[in-house]
Amino acid sequence: MKTGKLKRSFTPQDSISKKGYFIIAVCSFLLVFLVWLLLTELGLVNEKFLPKPIETLQTGIRLFTENGFVQDIGVTTYRVLLGFLISMVVAVPLGILIGVYAPIEAFFEPVMSFLRYLPVTAFIPLFILWIGIDEREKVAVIILGTFPQLLLMVAGDTRKVKHDLIEVSYTLGTNRLNVVWRVVFPAAMPYILDSLRMVLGWAWTYVTVAEMIGASSGIGYMIIQSQRMLNVGKIFVGILTIGIIGLLFDFLFKWLSKKLFPWFSKS
């Protein structure tokens, strides 16, 4: 019986129970932790480059209790959310228009496709010259890194709405303007929410890079300062902290998707 359930769980695009999902997820984290533990305890990697888990935990406790690491986390989170929200407010409605109207697509999509291939890190020195090293520079890096990507992803999500649904709405008396916001937008929202979840993860990458250059606070600043002092433990704490925060945001988006669009989560 158990063997049969195991085989069925590997059916393409099939689902598993919440309990099974949780157990497998926990096992994956335990496996990573076990590999880390073995590499350090057996001396396969020098402790200067890979600290032991217990030492990393102790370093993390000191950072939170003695070095004000909570403030760095707050500053970085603020920068990420501000830059991401600015990108979202502009990219979502504009992306919907690009996905619906061909002339708007022809005007914006080639330019955005060009921008999304530009290396964001190369603009950091320019932003420092143009804007300075205050909060606006970090937010600008996040916007440049997330806006073109999100815009094109939202446009693609909008195109996933079935044309039959639009034709039916016309038959029921909906005009061309209302069909965008009363039919296309609600139908595309589950896909758009998933795109927002993906792009928010990229925002954390960009803010970390921005904080490593011309910053005096934040997780990225702490990481680069620790690298200069050869304190690998603090670097690991910073990396793990970003991973944990990102995982919490990921769960939040998935929870919102299930609450707002239960039919989409089950499909």
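Points to keep in mind about this one:
- Those helices (runs of 4 or more DSSP H) of segment 164-250 in which 2 or more residues are more than 27 Å from residue 122 (Cβ to Cβ) and small (Gly, Ala, Ser) occupy 185-211.
- Residues in segment 87-128 that are aliphatic (A, V, I, L, M), under 22 Å from the mean Cα position of the chain (by Cα) and closer than 24 Å to residue 189 by Cα: 88, 89, 90, 91, 92, 94, 96, 112.
- Against the criterion of being modelled with pLDDT under 90, surrounded by fewer than 16 Cβ atoms within 10 Å (Cβ to Cβ) and not polar (S, T, N, Q), residue 173 qualifies.
- Matching option when the condition is within 30 Å of residue 37 (Cα to Cα) and at pLDDT below 90, among 240, 260, 247, 230: 230
- Breaking point among (1) within 18 Å of residue 146 (Cα to Cα); (2) at pLDDT below 95, for residue 72: (1)
- Test: residue in segment 136-147 that is touching a residue at least 60 places away in the same chain (Cβ under 8 Å), out of contact with any Ser or Thr (no Cβ under 6 Å at 6 or more places or on another chain), not polar (S, T, N, Q) and not in a helix (DSSP H, G or I): no
- Close pairs (7 angstrom Cβ cut-off, 6 or more residues apart or separate chains): in contact (Cβ under 8 Å) with a residue 40 or more places away in the chain in segment 88-116, among the polar types (S, T, N, Q) and part of a helix (DSSP H, G or I) anywhere: 95/158; 96/158; 99/158; 100/158
- Identity of the residue in segment 48-87, in contact with a helix residue (DSSP H, G or I) (Cβ under 7 Å, 6 or more places away or on another chain), without any contact (Cβ under 8 Å) to a residue 24 or more places away in the chain and in a helix (DSSP H, G or I), that ends up farthest from residue 238 (Cα to Cα): 53
The values are calculated or read from the model by the stated rules, or taken from the named source; none is laboratory data. All values reported here derive from a predicted model rather than from experimental measurement. As a convention, Cβ positions derive from the backbone with ideal geometry for all residues, glycine included, and neighbour counts pool all protein chains shown.
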